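Let me begin by presenting the structure, written as structure tokens, before commenting on it.
The values are calculated or read from the model by the stated rules, or taken from the named source; none is laboratory data. Because the structure is predicted, anything quoted here is derived from the model rather than measured. Quick reminder, even Gly has a Cβ in these numbers, built from the backbone with ideal geometry, and neighbours come from all protein chains shown. Ligands, DNA and RNA are excluded from the accessible area calculation, which covers all protein heavy atoms including side chains. Shrake-Rupley method; radii C 1.70, N 1.55, O 1.52, S 1.80 Å.
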Amino acid sequence: MTNIENDNIAELKRQIEYLSQFILPERFETLSRTVSSRTKYMTLVAENMFHPQNASALVRHCEAFGVQTLHTVQTFCRFNPNVDIVRGTDKWIDMYHHSSTAEALQHLKCEGYRIVATSPHYQSCTPESFDVTKGKFAIVMGTEKTGISDEVMAAADEFLKIPMCGMVESLNVSACAAIIIYMLSERMRHEVNGWQMTEAEQITTLYHWMIHSVKDARPLLERGGFICRD
């Protein structure tokens, strides 16, 4: 990191320490422990998902299994989680909204992610055989009716499927996402060195969590002589 970046992180640490006096020590310990288990090594992409229940489930899956980022494509419909289902879990992850599939894929590729398309129609790897060690990866979940788009198919570096032994061909997108995120996040933590977020990413994330957790955090920071970092 540059000296400016180091100074920014040091300032965030001071603000975090200051805000920590306004919540219970147990709460601060939980936030600090949780952020250390977060990852950006894998991320999830929801392409034109229109059911609020499915959108909500993806948010909860990411939060539950420590996936810090969720990307959405909103070309045809808005990604609109149901607040009664999400129940505040969207506060703990970072969501990035893209106006087109091309925009999302370009952003992720520029960030060094492998594009992994989920499709039951391609004879490709399974959650057990997928190589989590080859580098960062973005799992793309398609729209409920038609699945992932031809654009994702053409741009994908790899394909992933959940093998079925019953009469059904595929699972609901929410169930599919839960299986994939759980299995790959577990394998990632056991097989990949450096799956955690960087120190700077952890500090930045913890800072934003503290802003959400401490009542009147911004006025308190101003009263303490700090400049709130949005």
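Per q in 0.15, 0.18, 0.21 Å⁻¹, report the Debye log10 I(q)/I(0) for the stretch 100-230, using one uniform scatterer on each alpha carbon and no solvent.
-0.84, -1.03, -1.23
Where Lys and Arg each count +1 and Asp and Glu each count -1, what net charge lies around Asp131 among other residues with Cβ under 10 Å from its Cβ? The partial results should precede the final answer.
Working: positive: Arg114, Lys134, Arg187; negative: Glu158, Glu191.
Spelling it out: positives minus negatives among the neighbours equals +1.
Could you run the Debye sum over the Cα atoms of the stretch 124-194, one equal point scatterer each and no solvent, and tell me log10 of I(q)/I(0) at q = 0.13, 0.24 Å⁻¹, two decimals?
-0.41, -1.27
Per the 1.4 Å probe, what fraction of the accessible area of the stretch 132-230, in percent, lies on carbon and sulfur atoms? The partial results should precede the final answer.
Numbers: 2810 of 5410 Å².
Roughly 52 percent of what the probe reaches on the stretch 132-230 is carbon or sulfur.
Once you have the Kirkwood Rh of the chain from its Cα pairs, apply Stokes-Einstein at 25 °C and 0.890 mPa s and quote D in µm²/s. Before the final figure, lay out each step's value.
On the way: Rh = 18.9 Å.
For these conditions, the coefficient is 130 µm²/s.
Would you compute, from DSSP H runs of 4+ residues alone, the mean residue ellipticity of the chain at 222 nm, taking -39500 (n - 2.57) per run and dividing by the full residue count, rounded to the nearest 500?
Working: 9 runs with 102 residues, N = 230.
Only helices count here, giving -13500 deg cm²/dmol.
Of Leu19, Gly66, Met141, which is farthest towards the positive pole of the chain's charge dipole, taken about the Cα centre with +1 and -1 on the beta-carbons of Lys, Arg and Asp, Glu respectively?
With unit charges placed on the Cβ atoms, the residue in question is Leu19.
So what are the ³J(HN,Hα) numbers for the stretch 209-225, from phi and the Karplus equation (6.51, -1.76, 1.60; θ = phi - 60°), rounded to whole Hz, Gly and Pro as x?
For the stretch 209-225, the Karplus-derived couplings read 5, 5, 4, 6, 8, 9, 5, 6, 4, 5, x, 5, 5, 4, 5, x, x Hz, x marking Gly and Pro.
If you roll a 1.4 Å probe over the heavy atoms of the protein chains, what accessible area per residue do you get for the stretch 1-158, in Å²? Could you put the intermediate results ahead of the total?
On the way: 7880 Å² over 158 residues.
Solvent-accessible surface per residue comes out at 50 Å².
Which value in Å does the Kirkwood hydrodynamic radius of the stretch 1-126 take, with 1/r averaged over all unlike C-alpha pairs and then inverted?
In the stretch 1-126 this quantity evaluates to 16.9 Å.
Of the residues Ser129, Ser185, Ser99, which exhibits the maximal mean-square fluctuation in a Gaussian network model of the chain defined by a 10 Å Cα contact cut-off?
Ser129
About its Cα centre, how strong a charge dipole does the stretch 135-213 have in debye, to the nearest 20, once Lys and Arg get +1 and Asp and Glu get -1 at the Cβ? Intermediate results must be reported in sequence, preceding the final value.
Numbers: 5 positive and 10 negative charges, 41 e Å.
For the stretch 135-213, the charge dipole is close to 200 debye.
In debye, nearest 20: dipole of the stretch 53-160 around its Cα centre with unit charges on the Cβ of K, R (+) and D, E (-)?
Working: 9 positive and 13 negative charges, 38 e Å.
Its charge dipole is roughly 180 debye.
Beyond 22 Å, what share of the Cα-Cα pairs of the stretch 153-230 is found? Please give it as a whole percent.
On the way: 1707 of 3003 pairs.
Tail fraction, whole percent: 57.
Considering only Ala178, Leu31, Thr198, whose Cα is most displaced toward the positive end of the charge dipole of the chain, charges sitting on Cβ of Lys, Arg (+1) and Asp, Glu (-1)?
Going by the Cα projections, it comes out as Leu31.
Mind checking the full-extension length gain between Cys77 and Tyr96? Use 0.36 nm per residue of separation minus the Cα-Cα distance, one decimal, nm. Don't jump to the answer; show the numbers that get you there.
Numbers: separation 19, 0.36 × 19 = 6.84 nm, distance 1.49 nm.
Contour length minus the Cα-Cα distance gives 5.4 nm.
In debye, nearest 20, what is the charge dipole magnitude of the stretch 106-169 about its Cα centre with +1 on Lys and Arg Cβ and -1 on Asp and Glu Cβ, if you could check? Could the numbers behind the result be given before it?
Values: 6 positive and 9 negative charges, 26 e Å.
Approximately 120 debye in magnitude.
Could you point to the residue in Ala117, Met42, Tyr96 farthest towards the positive end of the stretch 1-145's charge dipole, with +1 and -1 charges on the Cβ of Lys/Arg and Asp/Glu respectively?
Ala117
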